[in-house]
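The values are calculated or read from the model by the stated rules, or taken from the named source; none is laboratory data. Just so it is clear, the structure is predicted and the values come from calculations on it, not from any experiment. Note: ideal-geometry Cβ built from the backbone for every residue, glycine included; neighbour counts use all protein chains shown.
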Amino acid sequence: MPAQLLDGIALSKKLRAEIAARGAIATAKGLRPGLAVIIVGENQASQVYVRNKVKACEDVGFHSVLERYSENLGEEELLARIATLNADPAIHGILVQLPLPQQILPNRVLEAIAPEKDVDGFHVANAGALMTGAPEFKPCTPYGCMKLLESIEYPIRGARAVVVGASNIVGKPMAMLLLQSGATVTICNSKTRDLAHHTKDADILIVATGKPKMITGDMIKTGAVVIDVGINRLPDGKLCGDVDFDTAKYVAGWITPVPGGVGPMTITMLLMNTLEAAEKSAKTT
Ligand code: GUN
């Protein structure tokens, strides 16, 4: 029997309605949530992502600004811009889209964002807080994956979870969130030997490798929840995930489509983090 779809569009719609309602309350108190998105360079996929982020802000009534800089922007100029946004009371969240051009060190930039405005959750203070079990901002993609699991009331406690991919943006924080929910977690990386041995053992399989269709149906445990973080463009222009949907759907119990699974959830959780940053700012001023 084909797997049930984990529909990120439907869940996002429900959550964004709640976010808009809470945002309206904050706005009425003079605290309209505000997000600044910075993009450096011409990466086509990144351009689409940042446009979608800003549009999502507008749709829920948030204030948003999109700042675009050329590929050869200097690091000091970017740091100066972040310092200004850190001090801007109309901005509660600052997001610098990754990747950055090679002359700019991503860690220096991410550490320059005030932790209370770090709605990506990438600042070392926020990454550390997540690690110790008291997260302030959960990174948006893993947070969205947890919401998808929550939406089907999946019993994470005691489940075997396998995360394929160990990036700072997805794999590592994903593993932390699953661990904190009581899963037994394995993190696989590009050097993992006999990957299928691990993936076949997973009740929850999260895939974030950037390699189109690398996880096939024969690598999945019958009935598993499969969450595909990948979004890849094939030579024919079509989008596909890191999971081979056409073979995986006959084995998995639940599976996210690409597009329409994790992608919209990432943006929804960015809105949630921006809302929470605005709400928290009232408590600290
Ligand atoms: N590049 C790919 N994913 C992300 C993300 O979640 N945040 C930022 N800032 N850059 C990204």
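Structural remarks
- From the list 230, 263, 237, the lone residue that is assigned to a loop (DSSP other than H, G, I, E, B) and within 15 Å of the ligand (Cβ to nearest atom) is 230.
- Taken across segment 102-113, residues that are more than 13 Å from the ligand (Cβ to nearest atom) and touching a Cys at 6+ places or on another chain (Cβ under 8 Å) do not occur at all.
- Entry remark, segment 66-80: residues being under 30 Å from residue 30 (Cα atoms), surrounded by fewer than 19 Cβ atoms within 10 Å (Cβ to Cβ) and within 15 Å of the ligand (Cβ to nearest atom) number 3 in total.
- Test: residue 170 is touching a strand residue (DSSP E or B) at 6+ places or on another chain (Cβ under 9 Å) and within 16 Å of the ligand (Cβ to nearest atom): yes
- Residue 82 being aliphatic (A, V, I, L, M), more than 19 Å from residue 264 (Cβ to Cβ), in a strand (DSSP E or B) and modelled with pLDDT of 95 or more: no
- One residue stands out in segment 41-56 among those that are exposed (fewer than 13 other Cβ atoms within 10 Å of the Cβ) and part of a helix (DSSP H, G or I): the one that is nearest to the ligand (Cβ to nearest atom), namely 45.
- For segment 241-249, the criterion of being farther than 22 Å from residue 7 by Cα and either touching a residue at least 60 places away in the same chain (Cβ under 8 Å) or among the polar types (S, T, N, Q) (or both) is met by none of the residues.
- Residue count, segment 218-242 (criterion: out of contact with any Lys or Arg (no Cβ under 8 Å at 6 or more places or on another chain) and over 15 Å from residue 256 (Cβ atoms)): 9
For (1) in contact with an Asp or Glu (Cβ under 9 Å, 6 or more places away or on another chain); (2) at pLDDT below 95, each residue gets a yes or a no:
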{"residue": "212", "(1), (2)": "yes, no"}
{"residue": "230", "(1), (2)": "yes, no"}
{"residue": "244", "(1), (2)": "no, no"}
{"residue": "255", "(1), (2)": "yes, no"}
{"residue": "278", "(1), (2)": "no, no"}
{"residue": "282", "(1), (2)": "no, yes"}
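- Tally of residues being away from the ligand (no atom under 11 Å from the Cβ) and under 17 Å from residue 36 (Cα atoms) across segment 114-127: 5
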